[in-house]
Amino acid sequence: MGSKHLKGSIVGLIVLVGIITCIHPVYPDEQVLQHAGTILLLLIPILDLRSNRLSMASFVCVSIFIVIHIIGARYIYSCVPYNDWFKSLFHIDLNATFHTTRNHYDRFVHFFFGILAFPYLYELLDRNKGLNKALKVLIVWSFIQSEWFLTNDMQF
């Protein structure tokens with residue numbers, strides 16, 4: 001299977017997951033608002049189907065990030081039952097292990113933003129051949145750090 005076909009299959013899978021998570025939503029009144037960001041993110045892989053400029057690694061990272069957002073939108077990020085899933089699958093109570101009652105799915109999403117966005121953002125900068133590799137890494141790292149800083153309740 002060629003990379004364009006594989007990418008098309010991945011986009012189809014993302015759309016299917018999005019549709020399935022909209023069936024009997026937990027918070028139906030907020031469903032559209034919650035998926036607005038997901039729909040915008042979905043433009044990245046959809047547009048790449050035509051241009052095929054992204055590496056498969058970047059494409060997959062963006063796609064995984066979209067699925068993480070779809071799951072968050074399904075449950076309204078603060079109510080994703082990840083602790084119940086861990087207890088069922090691995091017999092690990094994350095909340096008890098880390099002595100917390102707060103739902104940390106939003107933090108999980110922000111953490112994975114950095115990991116999953118890095119290849120994509122680096123590839124965008126890599127199109128500018130005037131920048132050396134170290135500067136590209138620094139720019140992407142700075143962008144990710146600023147996103148983490150702004151979303152972790154930091155006060156100025």
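None of the figures in this text is laboratory data; all of them are computed from the coordinates on show. Everything numeric here is computed off the predicted structure, so don't read it as measured data. All Cβ positions, even for glycine, are placed from backbone atoms using ideal geometry, and neighbour counts span all protein chains on display.
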To the nearest 20 Debye, how big is the dipole of the chain about its Cα centre, given +1 on the beta carbon of each Lys and Arg and -1 on that of each Asp and Glu? 660 debye
Stick to Cα atoms and the Kirkwood definition of Rh, then tell me Rg/Rh for the chain. 1.00
222 nm mean residue ellipticity, helices alone, for the chain (DSSP H n ≥ 4; -39,500 (n - 2.57); rounded to 500): -24500 deg cm²/dmol
Using the Karplus curve 6.51 cos²θ - 1.76 cosθ + 1.60 with θ = phi - 60°, what ³J(HN,Hα) values do you get for each residue of the stretch 100-112, in whole Hz, with x for Gly and Pro? 9, 10, 6, 7, 9, 4, 4, 5, 4, 5, 5, 4, 6
Global geometry of the stretch 46-99, whether rounded, prolate or oblate, following the gyration tensor of its Cα atoms and the 1.5 cut on a/c: prolate
Counting residues in the stretch 1-91 as N, plug N into 2.2 N^0.38 Å and put the Cα Rg over that result. 1.19
